[in-house]
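Encoded as C-alpha cells, the structure appears first; notes follow it.
Read-outs throughout are calculated quantities, based only on the coordinates presented, and are distinct from any laboratory measurement. Not measured: the values here are computed from a predicted model. Positions of Cβ are backbone-derived with ideal geometry, glycine not excepted, and every protein chain shown enters the neighbour counts.
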Amino acid sequence: MKTSTLHIEKPSNALLKLVREIQADKEATQKELKSKWDSYFPKKK
Amino acid sequence: MVYDQEIPYTSEDNVNYLIRFSAFPADKLPEGINLPVVDIVIETDADFKVISNSRASLSKMVNIILDYADKNNVVLYCYCSDKAIKKSKNNEEQTNQQFRSNLFSAMFKMNKSEKFLNKVVVIHDLNAGHHYLHLITKVENKHVIDEISIQLSKLDK
C-alpha cells in the first residue's frame, strides 16, 4: 500500500477547531463502544 | 446509516476489539468531495500500556478494514488517539499520536495489496500536540484524497 504524508504546519483556527472536535468525537465514541462491550463480548460463566 | 457498522473481533492473543465505521456528516465536508467519508474507531478492553499483538492479529484487523473499504466505495479516515500506548525504548521519543500513526501505517504496509492508498495528514498544534489522521481509499479514488489534501492545504496559513 502506498503511503504519503501531508503536513499542515500553520493550520488556521478553523482547522484546529475542526480537528479538536474530531478528537473529542473519537473519545466520546470510544466511551460509547465501551458501554456496549458486554453485548458484543459476553463474559463466560 | 448505510455506512455505519460495528464489527467485533477477538484476536488469537484473546484480545477483544470493536471496530466502528460511521459516516462523517456530509454537510461538514468541503465542496468537491463526492465520496462518503467514513470514520474508523478501534476500541479494545485491553490496557494499551501493556498490550502486544501478534503480526497475524494486526493483519486480520487490517483485512477487516480493507474489506470494508473494498465493499463500500468510500474514503476511510482514522484520527490517532493520544491515549497512553506501549512503546519500545527506540520509540519513546515519539508522542502517543505519532507512534500510533506510525503503527497504523506499518500495519497497512503488511498488506501487500496495491489496491489502496494511505495518506497521513499531520496537523501541527503547538498547544494540544500535533494531530495525526489517516485517509485510506482505493487507488481509483486518488483524486478524492488529492481534493481533500487541496482543501486542507487552503487552511494552512
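Here are the numbers for the structure shown:
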item	result
Residue check, B:ALA23 more than 18 Å from A:GLU27 (Cβ to Cβ), within 15 Å of the chain's Cα centre (by Cα), within 14 Å of chain A (Cβ to nearest Cβ) and surrounded by fewer than 14 Cβ atoms within 10 Å (Cβ to Cβ)	no
Tally of residues being of a type outside the set (A, V, I, L, M), more than 8 Å from chain A (Cβ to nearest Cβ) and not in a helix (DSSP H, G or I) across the stretch B:83-111	8
One residue from B:LEU66, B:LEU35 being more than 22 Å from B:MET110 (Cα to Cα), aliphatic (A, V, I, L, M) and in contact with a Ser or Thr (Cβ under 9 Å, 6 or more places away or on another chain)	B:LEU35
Residues within the stretch B:112-157 that are assigned to a helix (DSSP H, G or I) and of a type in the set (A, V, I, L, M, F, W, C), tallied	6
Set B:TYR77, B:TYR68: member being crowded, with 16+ Cβ neighbours inside 10 Å, farther than 14 Å from B:LEU135 by Cβ and out of contact with any helix residue (DSSP H, G or I) (no Cβ under 8 Å at 6 or more places or on another chain)	B:TYR68
Residues of the stretch B:12-29 classified as outside any helix (DSSP H, G or I) and farther than 18 Å from B:TYR68 by Cβ, total	7
Those residues of the stretch B:108-132 which are surrounded by 18 or more Cβ atoms within 10 Å (Cβ to Cβ), more than 10 Å from the chain's Cα centre (by Cα) and over 17 Å from B:LYS83 (Cβ atoms), in sequence order	B:PHE116, B:LEU117, B:VAL121, B:VAL122, B:ILE123
Scope the stretch A:20-45; condition hydroxyl-bearing (Ser, Thr, Tyr) and either within 14 Å of B:PRO8 (Cα to Cα) or surrounded by fewer than 10 Cβ atoms within 10 Å (Cβ to Cβ) (or both); matching residues	A:SER35, A:SER39, A:TYR40
B:LEU58 closer than 25 Å to A:LEU18 by Cα and either touching a helix residue (DSSP H, G or I) at 6+ places or on another chain (Cβ under 9 Å) or surrounded by fewer than 19 Cβ atoms within 10 Å (Cβ to Cβ) (or both)	no
Which numbered condition B:LYS87 misses (of (1) more than 30 Å from B:LEU126 (Cα to Cα); (2) more than 17 Å from the chain's Cα centre (by Cα); (3) surrounded by 13 or more Cβ atoms within 10 Å (Cβ to Cβ))	(1)
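To keep it simple, each residue is scored yes or no on (1) within 7 Å of chain B (Cβ to nearest Cβ); (2) in a loop (DSSP other than H, G, I, E, B).
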position: A:ALA14; (1), (2): yes, no
position: A:ILE22; (1), (2): yes, no
position: A:ASP25; (1), (2): no, no
position: A:ALA28; (1), (2): no, no
position: A:LYS34; (1), (2): yes, no
position: A:PRO42; (1), (2): no, yes
